[in-house]
Amino acid sequence: MTGLLLLLCSLTFYYFSVLRIDYEKTSLLDLGPYPDATEYFGQARALEREGRPYIQIGLDKLPSRYPVGYPILMLPWLKVLPEAKAVLAPFRTNQSIGLLLILAVFTTYAYVGVPLSGGIGALLLVTLPAFFTFCRSSLSEVSGSALVALAFVFAYLGLRANRRWPIYAASILLGLSFNIRTALVFFGPLLLAMALLPRTRSPIGWLFHCASAVIVFAIAASPFFVLNTLQFHHPFNTGHHFWAGKPIEMSMVFSPRNIPNHLTTIWNEFSLQWQHYRPANIFGTGTHFVPPFALLVVIGLPFIRRDRFAICALLAALTFCTAATMYVFADLRFYVPILFLSVAVAVLPVEWALRQIRAARKHWLAVVVILVLAVAACVGYPSQSGYKPKKGRFQAWDALSFDKQGQQSLQFFAAQELIKRVGNEPGNVFSDIDPVYLNALLPNQFVAAPLDANHNYRYSRIWHYGASEAIKLIGNGLGSSRPNYSLFAPVKGRAPDYARLPLVEGYKWLPIDGSDNNVIIMKLTQAPVE
């Protein structure tokens, strides 16, 4: 009953901190940060419309730099949501996955006979800042981390029961996670679980199952390589190669020289000294974990049973952490899978403390310290919140009061205003708003393109869009009697830069009547003959 009550508390907190958010009253519908969220959404819309993933800029349908796994997960929500609310699909996807993960944590512990630990684990997970922050985001951290966590669960159940099918399931889940975030491949040592099962009657059978686990993983991961081959004619070329300003060298992306920067970032988070703006500030308080939670994890390490699962789990986690600390960018959101998995370790000392209370043993000081840390981890104190960060905050309170009333999504509003004023009439739209975002957001009859060469996709050595391409797109519109519009979103303290508008001899840009709320919509109109 206590475990169920803790689960109920977890679900209640999740409802008020994540599910209850009215995104239409926030600035989150602009889908920051760029280009991550916009390209995920753009691919999902392309899959819905044409059955193949791409991002669109003008008339060009181009490859994305990000894997297609997360956009595929959005498709059920795109089928359910009305067209005007399709932009909510990334958020609804993460909200759903987060809810399923909370239930999966409790169900797993209840299945092995410790529902109280399941309730504790669910509560520690749902109050983990990285969890509720990215569950209300439009990024892929939650979806990839959830598959990894479930892979660990199935590997544990397989070793616990000496059954092979759960480990095959773990191989599939781990392979699928690779299609969401390629860095999750570093959890591959988890597949060692198959080799740690008791041998079959013949060594050949044992080798067969070990090889089969790897093959199943490879098959589940293969869509990534198949798509690369179709788009770039090579399985190991990705969208990053297409969009990079110069060739990508792995020695630059992964290097031991990056380790000190990562360690400093982690220490600053633990010691409440972080100062930089980060993606977690967009969707939450900017904090990923609090010191009491980290201390619980450290205390829980000696409680880990030294068994077969611990061997492959710790090896997988260590391999991933080593790769993550060598990455060129030091961002704690790359450690979200480790934070999710560490909840299982944080549960161990709390479980021990409750056993001591029931047994009326004498370790009262240790019990009190652990329970105080558990309560502090759940309420998220002490911590920092916001930007510039303020110390002495309660993460649970900040999560419940997360509200950006009055901060409208200006780019989303501008696109809706265009649809409202123009209606169903097709046309080309030239704007300073991200073209991938606009093409995914606007109905099919519109084609969105940048104003000139000053856009987020100008660094590619393969593809180019500039003033000449804008003029060519306008010419195509004029030749087919297709209207050409320009759209400027309201930006506080900055006037629209009309000088960037493509100019065509004999035509001029005139405002459309009825536009309001500072959204500037113009139409290219033939100039009168003087």
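Things to note:
- Here the condition is being of a type outside the set (Asp, Glu) and at pLDDT 85 or above; of 443, 496, 528, 490, it holds for 443 alone.
- Qualifying residue in the stretch 19-40 (condition: of a type in the set (Gly, Ala, Ser) and touching a strand residue (DSSP E or B) at 6+ places or on another chain (Cβ under 7 Å)): no
- Some residue of the stretch 360-380 being more than 30 Å from residue 286 (Cβ to Cβ), at pLDDT below 90 and charged (D, E, K, R): yes
- Entirely in the stretch 70-183, the helices (runs of 4 or more DSSP H) that have 1 or more residues that are touching a Ser or Thr at 6+ places or on another chain (Cβ under 6 Å) and aromatic (Phe, Trp, Tyr): 89-111, 129-135
- Hey, residue 91 modelled with pLDDT of 95 or more, over 15 Å from the mean Cα position of the chain (by Cα) and buried (at least 22 other Cβ atoms within 10 Å of the Cβ) or not: no
- Of all residues in the stretch 260-278, those that are in contact (Cβ under 8 Å) with a residue 60 or more places away in the chain, over 15 Å from residue 295 (Cα atoms) and of a type outside the set (S, T, N, Q) total 4.
- The residues listed here are 345, 369; of these, the one that is surrounded by fewer than 21 Cβ atoms within 10 Å (Cβ to Cβ), assigned by TED's automatic domain parsing to the domain that holds residue 303 and out of contact with any helix residue (DSSP H, G or I) (no Cβ under 7 Å at 6 or more places or on another chain) is 369.
- Restricting attention to the stretch 214-256, the residues being modelled with pLDDT of 95 or more and among the small types (Gly, Ala, Ser) number 4.
- From the list 31, 6, the lone residue that is assigned by TED's automatic domain parsing to the domain that holds residue 132, on the phi > 0 side of the Ramachandran plot and touching a residue at least 60 places away in the same chain (Cβ under 8 Å) is 31.
The values are calculated or read from the model by the stated rules, or taken from the named source; none is laboratory data. Note that the coordinates shown come from a computational prediction; the quantities given were computed from them, not determined experimentally. Note that each Cβ is placed from the backbone with ideal geometry, even for glycine, and that neighbours are counted across all protein chains shown.
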